[in-house]
Structures are given as C-alpha cells and as structure tokens.
1. If you average the sequence gap of Cα pairs under 8 Å that are 6 or more apart and divide by the length of the chain, what percent do you get for the contact order?
2. Ordered by packing density, taken as the mean number of other Cβ atoms within 10 Å over each peptide's residues, highest first, how do 40-46, 53-59 rank?
3. Quickly rank 5-12, 76-83 as a protection proxy: mean count of other C-beta atoms within 10 Å, highest first.
4. Relative to the longest principal axis of the C-alpha atoms of the chain, give the angle of the C-alpha long axis of helix 26-36, reported between 0 and 90° and rounded to the nearest 10°.
5. As an exercise, use a Förster radius of 35 Å and the Cβ-Cβ distance of residue 19 and residue 115 to find the FRET efficiency, rounded to the nearest 0.05.
6. What residue among 86, 60, 99 has the largest mean-square fluctuation in a Gaussian network model of the chain, using Cα springs under 10 Å?
C-alpha cells in the first residue's frame, strides 16, 4: 500500500481526528492511527464513555470512538496503582463494561473468572 510522505515521514500532529475517523480504507486508517497513537486519538476524538468504574488504580473508563463505514474503536482506560501512569488498551467492540474489558485483556472470556489478588 502506498502511503503519502506527509503521513509516513511527516509530523503526526498534521494528521487530524476527522481524517482518521473518516478514512474508509481499514489498512490506511490503521497506518494513520499508528502514527498518532491510541492515547492521542482518545484525547482528541471526544470518545464516548460507555462505562466507568473503580479499581486499585482509580477510575477506569470504557471508551468508544465511532468510525464512518467501519468498526468502532473500543478501548479501556486504566491507571497503574503504583505509578499512576495511564494506559489505553484496545479491546473488542462487543465489550460493554470496564470489568469485562480488563478481564479480556488478561485472557478471560468470563469477567467473573477474573479475580486478581493484587494489581501493580
């Protein structure tokens, strides 16, 4: 796939939310998203909050960003209880709760089976 020089080698700040969200070509959209990063997209796209709850790191949020003509980006935002660092983890679009999404990231299909003793 050919990618314009401005995307491949230019400043990622020159890529906008509308360009990413409106891009119909999934492969090219993935390149755009990789260039700016999921954290950036969450910060700038006004993601819809689907669910929120609390864990040892504080508030968690399940976020959804709609994409024209394609699968929405769904991610769970968590914080490390030790460092406070924020992480945005992409999860399947069918996730409905933070707990379900975090359990999925740990390899559990049933959120009730995810019972961490400690989180660091």
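1. 17 percent
2. Answer by packing, highest mean first, reads 40-46, 53-59.
3. Final packing ranking: 76-83, 5-12.
4. 80 degrees
5. Here the calculated transfer efficiency is 0.25.
6. Comparing 86, 60, 99 in the GNM, the peak value goes to 86.
Here, each number is a calculation from the coordinates, and none is a lab measurement. Quick caveat, the model's predicted, so the values are computed rather than measured. Here the Cβ is made from the backbone with ideal geometry for all residues, glycine too, and neighbour counts use every protein chain on show.
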